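The structure under discussion is supplied below as structure tokens; questions concerning it will follow.
Each value in this text was obtained by applying a stated rule to the coordinates, not by laboratory testing. This is a predicted model, so every value here is computed, not measured. All Cβ positions, even for glycine, are placed from backbone atoms using ideal geometry, and neighbour counts span all protein chains on display.
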Amino acid sequence: MNHDSARAQFAAWLAGRRLRRLAALTGAGISAESGVPTFRGADGLWRQMSMAELFTPQALEERPLLVWQLYDELRTRIAATEPNAGHRALAALGRQRILTVITQNIDGLHQRACNEGVLELHGTLWRLRCDACGYREENTQTPLPTLPPACPECHGVLRPDIVFFTEVLPRQALFGAMLASEQCDLMLVVGTSGVVYPAAGIPAAARAHGALLLEINPEDTALTGEMDYVIRATAADALPWVAAALAETGA
Ligand code: NAD
Ligand code: ZN
């Protein structure tokens, strides 16, 4: 289907709907066109770099230098990327409508596209924290000078403020995400395979509270069956016109 007919079909689907509050759940796919590899994609750099093996509390304890090297390398690679048209379209929509962006990404690209109030379910590559005293610091320096850095407040060491495999999600972001999903009238589900829980359960929570679900993904996902509308296209391709159409529907 070409762009014009996809747009017309979507506009027809939107017509007459009253969508006051919007939410978007994003995953690795929204950053793919910025050059950040997805987790399960064919170019699965994250797998090559054994993220699943090293981003665990146990590895941080037993092999801290390897964990920091992987973390530092990811930061350096992602610092060299830019937000794409998908991130920018969501940021623009957020200035026009009530929109809560909930992301599973740790790359910070939504924020760099000037999206405010993004809920980061899995933390961010750009912040360090101390588990001993709760100290947190924004840190975008690449490469990091000493590994692992000492906590300036206590005798502990800092760690990446990202959710490692097996760890629980930050309560505030998860609470915000549940609230947004209960309150929204439409949730966009963009670039996520929908297999990492609890994030993958958020669209179902929105739907249970009456929201419509819209998927933007070039491929079928574990969540496709729950969707009210599916756009089989990439985020950078579809989000600019989807966001424009949603902005026009007014509040
Ligand atoms: P995933 O890798 O499991 O799935 C990516 C999804 O994106 C797939 O469904 C794929 O079809 C889709 N996709 C690929 N290219 C796309 C494009 N151009 N536009 C739209 N969709 C596209 O990702 P996930 O569901 O987010 O789960 C992976 C986990 O790993 C997350 O929890 C996340 O924390 C982490 N991760 C983060 C990043 C990041 O910060 N950018 C990258 C990789 C993995
Ligand atoms: Zn400390």
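With the Cα gyration tensor of the chain in hand, give its eigenvalues times 5 under a square root as the equivalent ellipsoid semi-axes, listed largest first in whole angstrom.
Equivalent ellipsoid of the chain: 34, 18, 16 Å, largest first.
So if I place +1 on the C-beta of Lys and Arg and -1 on the C-beta of Asp and Glu, and nothing else carries charge, what would the dipole magnitude of the chain be about its Cα centre? I want it in debye, nearest 20.
580 debye
Moving on. For the chain, with the dipole built from +1 on Lys and Arg beta-carbon atoms and -1 on Asp and Glu ones, taken about the Cα centre, which of Pro152, Ala8, Gly27 lies farthest toward the positive end?
About the Cα centre, the residue reaching furthest to the positive side is Ala8.
Place a +1 charge on the Cβ of each Lys and Arg in the stretch 64-115 and a -1 charge on the Cβ of each Asp and Glu, then give the dipole magnitude about the Cα centre in debye, rounded to the nearest 20.
Charge dipole, the stretch 64-115, about its Cα centre: 300 debye, nearest 20.
Sum up the charges of everything whose Cβ sits under 13 Å from the Cβ of Pro203, counting Lys and Arg as +1 and Asp and Glu as -1, but leave Pro203 out.
Its environment carries a net charge of -3.
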